[in-house]
Amino acid sequence: MKVSELVKKYELKVFAGEQGLENEISGGYVSDLLSDVMGTAAENEVWITLQTHQNVMAIASLKDLAAVILVKGLEPNEDTLERSREEGIPLLGTTMGTFEMAGKLYADLAGS
């Protein structure tokens, strides 16, 4: 599944990083602890979090993640948007909670 398909299916808001919308998704990772994501997330996964600061995009870039989804209607900081654009990693948003978004992503990826 591509990030663009996920955006369309769940009506996710694209905050920045549109150039990465064709990234392929291999899985997902859920955590709000940056060191956990840095140590455990895998390349091409989608990271679901409530963290909104620019370090999120630094970790996403370091781990070559496909995209980052902010949950609960949270809005990213301006420096986070800028970093998303620089790295070409989509920064997405949803009003869904973490549990719901993770469940939907898991169902989609496990079924494909």
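Before moving on, here are some points about what is shown:
- Matching label, Kirkwood radius over Cα pairs in Å computed from the structure shown, candidates (i) 14.2; (ii) 17.5; (iii) 13.3: (iii)
- Extension gain from Met1 to Glu18, taking 0.36 nm per residue of separation minus the Cα-Cα distance: 4.5 nm
- Extension gain from Lys104 to Asn55, taking 0.36 nm per residue of separation minus the Cα-Cα distance: 15.1 nm
- In summary, the aspartates and glutamates within cross-link reach of Lys13, defined as a Cα separation below 13 angstrom excluding same-chain residues under 8 places away, comprise Glu5, Glu75.
- Summarising the amide proton neighbourhood of Gly28: residues at separation of 5 or more, or on other chains, whose placed amide H is nearer than 5 Å comprise Val46.
- Kyte-Doolittle mean at least -1.0 and Cα axial length at least 15 Å: DSSP H helices in the chain: 98-111
- Compared with the alpha-carbon gap, the fully stretched path from Asp64 to Glu86 is longer by 6.6 nm at 0.36 nm per residue.
- From the alpha carbon centroid of the stretch 1-30 to that of the stretch 47-112 is 9 Å.
- Antiparallel DSSP beta bridges within the chain, percent to nearest 5: 25
Values quoted throughout were computed directly from the atomic coordinates according to the rules given, and no laboratory measurement underlies them. As the structure is a prediction and not an experimental result, all values here were calculated from the model.
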